[in-house]
1. Return yes or no: is residue 105 of a type in the set (A, V, I, L, M), open to solvent by 60 Å² or more (accessible area, probe 1.4 Å), farther than 24 Å from residue 17 by Cα and in contact with a Pro (Cβ under 9 Å, 6 or more places away or on another chain)?
2. Specify the residue that is most open to solvent (accessible area, probe 1.4 Å); the eligible residues are those in segment 74-90 that are free of Cβ contacts under 8 Å to residues at least 40 places away in the same chain and of a type outside the set (A, V, I, L, M).
3. Restricting to segment 1-48, name every residue that is exposed (fewer than 13 other Cβ atoms within 10 Å of the Cβ) and part of a loop (DSSP other than H, G, I, E, B).
4. Quick one: which of 52, 99 is modelled with pLDDT under 85, more than 18 Å from residue 198 (Cβ to Cβ), exposed (fewer than 13 other Cβ atoms within 10 Å of the Cβ) and among the small types (Gly, Ala, Ser)?
5. Looking at (1) farther than 20 Å from residue 74 by Cα; (2) within 22 Å of the chain's Cα centre (by Cα); (3) open to solvent by less than 30 Å² (accessible area, probe 1.4 Å); (4) modelled with pLDDT under 90, which is the one condition that is false for residue 151?
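The values are calculated or read from the model by the stated rules, or taken from the named source; none is laboratory data. From a predicted model like this one, the values you see are computed outputs, not experimental measurements. Positions of Cβ are backbone-derived with ideal geometry, glycine not excepted, and every protein chain shown enters the neighbour counts. To get the accessible areas, we keep the full protein, side chains included, count just its heavy atoms, and leave off ligands, DNA and RNA. Shrake-Rupley method; radii C 1.70, N 1.55, O 1.52, S 1.80 Å.
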Amino acid sequence: MEDVNEKTLLGQRIYQLSQQPGVSDFYITPWEPLSFKHNGHLVYDTFVYQPSRAFEVVPGYKDYAISFGGRRYRVNQLSTRGRLRWVMRLLPNKIPNPSDIGVPAGAIKAIMEAKNGLFLICGPTGSGKSTTIASILKYRADRKREHLVTFEDPIEFLYPDTLPTLVTQREMGEDEDNFAEALRASLRQAPDVILVGEVRDGATAEIAMQAAETGH
């Protein structure tokens with residue numbers, strides 16, 4: 001999105017819509033109406049993003065996160081019929097408390113008392129895995145003095161700088177290139193808690209198990 005004026009207008013419209021309760025996802029396709037999800041239903045807006053030139057389309061997709069207007073969005077860039085499209089997920093303004101999103105008290109107790117081991121949070125796309133993870137980790141970080149290291153693609157939730165826990169957040173492609181190598185290196189950085197945002201291959205799974213078995 002390189003056309004400055006059109007980008008500004010697009011950002012302003014997305015910001016306006018983001019203030020409405022129930023708005024979650026935005027779909028941006030050049031020269032087509034902006035569309036978005038409202039209470040789970042697709043809505044077509046009157047605004048049309050009209051850049052001054054076509055974009056170079058590179059096969060595949062790209063994940064990243066952006067912030068503007070005091071809100072944070074997870075972005076997936078893809079191509080459709082030779083044109084680019086961006087899907088933007090509006091993220092919560094703040095990390096919720098575990099009790100507010102229904103995390104069982106027993107799970108919180110287990111994570112708070114754990115000195116090592118492996119916790120898995122699983123579910124389909126859109127089920128709230130990222131929100132649940134951020135909620136649980138912030139709850140622990142508020143009450144412990146530790147070193148928390150995260151590997152995320154992309155970083156969705158930003159943890160406050162005022163926590164008693166030191167938080168090191170790493171975004172794949174930005175701070176690290178190789179998931180497995182970065183995870184292996186983190187074991188030499190005195191972590192207490194390690195978040196692996198995604199277990200993508202056998203090497204990553206093996207290192208995660210090794211970390212869990214060696215006191216993390």
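1. yes
2. Selected residue: 81.
3. 2, 19, 20, 21, 22, 31, 39, 40
4. 52
5. Result: residue 151 passes all but (1).
Each row is one residue, and each column tells you yes or no for (1) in a loop (DSSP other than H, G, I, E, B); (2) surrounded by 15 or more Cβ atoms within 10 Å (Cβ to Cβ); (3) at negative phi.
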| residue | (1), (2), (3) |
| --- | --- |
| 180 | no, yes, yes |
| 189 | yes, no, yes |
| 199 | yes, yes, yes |
| 204 | no, yes, yes |
| 209 | no, no, yes |
